[in-house]
1. Considering only protein heavy atoms, with the full assembly of protein chains and a 1.4 angstrom probe, order THR455, THR961 by accessible area, largest first.
2. Between ASN1029 and ARG601, what is the FRET efficiency for a Förster distance of 35 Å, r being their Cβ-Cβ separation, to the nearest 0.05?
3. How much accessible area per residue does region 686-803 have, in Å², with a 1.4 Å probe?
4. Can you pull out the trypsin sites (Lys or Arg not before Pro) in region 831-935 whose DSSP state is coil and whose Cβ has at most 12 other Cβ atoms within 10 Å?
5. Among LYS577/LYS640; LYS427/LYS530; LYS138/LYS165; LYS618/LYS721; LYS902/LYS947; LYS866/LYS960, which pairs are too far apart, with a Cα-Cα distance over 21 Å?
6. Report the accessible area of SER551, computed with a 1.4 Å probe over the heavy atoms of all protein chains in place, in Å² rounded to the nearest 10.
7. Using a simple spin-label model with points 7 Å from Cα along the Cα→Cβ vector, what separation in nm is obtained for THR769 and ALA666?
8. Note down the accessible area of CYS889, probe 1.4 Å, to the nearest 10 Å².
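The values are calculated or read from the model by the stated rules, or taken from the named source; none is laboratory data. For clarity, every value in this text was computed on a predicted model and none was experimentally measured. Every residue, glycine among them, receives a Cβ derived from its backbone with ideal geometry; neighbour counts consider all protein chains shown. Just the protein is used for accessible areas: all its heavy atoms, side chains included, with ligands, DNA and RNA removed. Shrake-Rupley method; radii C 1.70, N 1.55, O 1.52, S 1.80 Å.
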Amino acid sequence: MLTFFSHLTCFYCSQVSASMAVSLPPTLGLSSAPDEIQHPHIKFSEWKFKLFRVRSFEKAPENAQAEKQDSSEGKPSLEQSPAALDKVGGPKPALTQPVLKPHPKFQKKSHDDGKAKDKAIHQANLRHLCRICGNSLKADQHHRRYPVHGPVDGKTQVLLRKKEKRATSWPDLIAKVFRIDVKADVDSIHPTEFCHNCWSFMHRKFSSAPCEVYSSRNATMEWHPHTPSCDICDAARRGLKRKSQPPNSQLSKRLRTVIDRARQARRCKRRTQDRISSKELMKKITNCSKIHLSTRLLAVDFPAHFVKSISCQICEHILADPVETNCKHVFCRICILRCLKVLGSYCPCCRYPCFPTDLESPVKSFLSILNSLMVKCPAEECDEEVSLEKYNHHVSSHKESKETFVHINKGGRPRQHLLSLTRRAQKHRLRELKMQVKAFADKEEGGDVKSVCLTLFLLALRARNEHRQADELEAIMKGRGSGLQPAVCLAIRVNTFLSCSQYHKMYRTVKAITGRQIFQPLHSLRSAEKVLLPGYHPFEWQPPLKNVSSSTDVGIIDGLSGLASSVDDYPVDTIAKRFRYDAALVSALMDMEEDILEGMRARELDDYLNGPFTVVVKESCDGMGDVSEKHGSGPAVPEKAVRFSFTVMKISIAHGSQNVKVFEEAKPNSELCCKPLCLMLADESDHETLTAILSPLIAEREAMKSSELMLEMGGILRTFKFIFRGTGYDEKLVREVEGLEASGSVYICTLCDATRLEASQNLVFHSITRSHAENLERYEVWRSNPYHETVEELRDRVKGVSAKPFIETVPSIDALHCDIGNAAEFYKIFQLEIGEVYKNPNASKEERKRWQATLDKHLRKKMNLKPIMRMNGNFARKLMTKETVEAVCELIPSQERHEALKELMDLYLKMKPVWRSSCPAKECPESLCQYSFNSQRFAELLSTKFKYRYEGKITNYFHKTLAHVPEIIERDGSIGAWASEGNESGNKLFRRFRKMNARQSKYYEMEDVLKHHWLYTSKYLQKFMNAHNALKDSGFTLNSQGGLGDLLDLEESPESQDSMEF
């Protein structure tokens, strides 16, 4: 009855479909339908479209006929009638029966199967494509392909080591060269391998090849999830399309089904055999049947899928020390490590790339379930059931049984290390061992438990080849002591500029002569370094710093982090190393912890005060000139260097309604307090490189201005605020970072808007008008030209601003360069006075050279001043004296000029202490009070007696000296304390430390120079060095039997004389 009803329904639907396209005879109309279908209780009109979907025939008869002809040439169409299937070559009927498709509800299962199959085909196609360029991997005849996720190959690793590149994995290298992040790839979307062409491209990029490097693609390949219109799958079909063969029409449908099923069965059997053979191979590799528990020991008969989830996928034992891969498969740690070592870096289950570094511990919930499983004791005489977590403790009671073994399971709550336990817990864990050692000591060593324990420890160290610690322990056991502290040895090494080999030679020599370990080995010094370098002390910022990482264990980082690199400009021809600004400040404060607490006690403040402390920081930056060395290799770098450093000037604390000063730097211009922050081998005139390297540092400083530092000092959490003052810049660098024109510009001053002509006409009366914010506004005007002015009009409006300012500086005078600039001007005045230019202003160049030669010869004879090519600080100090003027006057015939020159020098020497002293109000109050009068008299002499040189022009430093010194003193209290002299004094240290750390690579050399320069400025080490020097000066020596012996004479040895001079 059901079959009859279905035939009837199909017949009716075919009639309805045919009536839409062609006119039918009356006998085939709707009236011919049976009455039971048209019965109102059946409601066929409502549910017929839920069962079947009628296919519309709206095509033209010609197109339909053509399609039928095409289908008949290939395989037979399902839309043909049964008669057409029986007679393939017969005439085609004019009207065929439409396809009857089931409802989507019944199609869901088959649709999901097809979708999964499409995804599998898509993923298989991805395995033959390159991740970077998208080209096919089959094009390579040698089948060379490389995994995207994993360590680099040996050839690439050798090349990277040669070029001092730190990338060790393909993701890092691909990100640097192609700027593609492959760490977040998904295997269903992205290919997992790349081609040999991309590998060659990376090699040529780093190997300094003379030929031009070409990339296989101009744009980055984009990968998308699989879609019905997937380009990858369509391209694969088009590329693999073969000539279709007509099926054998003689085979029936049942026979074809039987053949397909037999083929599938053979495939499944082959896969099963391969899987079984691979599993047997992996079990042989792991060989863990004697150390892992079998699943047959489970006390409960769990379902098979649950047992599979708690067992290793390799050895099929209960998981021991479980680890999880990136593809979410769980294995025993020993099993997966052995398989990865033998079979390769792939997951044994799904062949997804997997490496030992990718293994992670599963989630805690899984580990807790695993540890709570009950297992049977394998001992024959024991029938107990214990949890997996307590299995080891239970098995320890069966010492004589051979069936039991210790189960290794580090999941769940890990067993704490002995040293991390409390003293009570340590006694409890070692109770049995302690009783055994005591019994042995009472029986064999007369109860000397200490000697037995120390001997056991000494033997354990010797067995593990840790002979250095064993030597120290043996020295303690023999009562010889451990010698100097590591911090003292580190201070001696840093302050005497000893390299590693020189210090080790001294260490061995002293140990051999005295028989004692007075100096500590190098590994002890490296441990002491970590405490003093930035990145050791934890801290916190409230609120957190913007765009700055919250991690505190940050040491030396690459200074090129702010420089955007691409394929075209990589690598950059400069080397820069720096500390993170906030970590460096924390290390500097912890280094001054004793000074801060001592200052609080001196001001009768309580130690428990937590602030807020206000820290004033002076910033300095200057070029170091030519620092070229004849040793070393590595990338080509500039021969000039730049250092950015800071000095903690003073620290005060808010107490009541006033700020109490607890620390003030006594020698602010000493190289011992000027801490290096950034070292770079670059030219200070290179605006782009300087901006790229210093911009992240400046961003960190700006973030710290609006935040507070939370730092534990003296056992109490204290709060610190920072005030930054950029005053340690010379005029050249101020103009560079503030975007001003060069020093030869019409706009003479970096503090005011005066032109050179205005400054020469009015030498004294000027005020400070420039600021960083105003320079930024003027740069925007210069960039946009909102008033549509000419170049000269626009330049006059912005007052010499021509570039974007990127470092905020405080308008001030650098005392050191002010002295040098003024000394150079006096040196020129001496020459002009010798040639009597006030009488003959039109002298030739040859005559001027003769005057200079005469002056140099006379100064060398009278003052022992050797001629120089460029003015420096030492020559300036010797030149600017009354004795020098007396010597120069011997070459000048006019007595009137003698008086004018002597008065000019006398006025200058009265003004100089005001800007050179650290606190002029205390050190030279009389000169400070007379400064205005002396400056006006000095300006009057320049405009009258020396009018031939200063009519309509004036030097930059003469203008600043005469016009702006009183205002700066009134604002800051000092000029000399905020100068860059400490940074300049560190230039010679750079060369000494560079010679001390002469390695093969300049890349690592810069790290050592920065590290040792920082340690050189440590106040903690300076105290040890001061005590060491005091003992040395007092003649403290010990004989060769009991102490130092000839230690002090060692410093005079010819091998170390050059490196130890200080």
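1. Listed by decreasing accessible area, they come as THR455, THR961.
2. E(calc), rounded to 0.05, equals 0.85.
3. Value for region 686-803: 44 Å² per residue.
4. LYS839, ARG870
5. LYS427/LYS530; LYS138/LYS165; LYS866/LYS960
6. 40
7. Modelled inter-label distance: 4.4 nm.
8. Number for this one is 10 Å².
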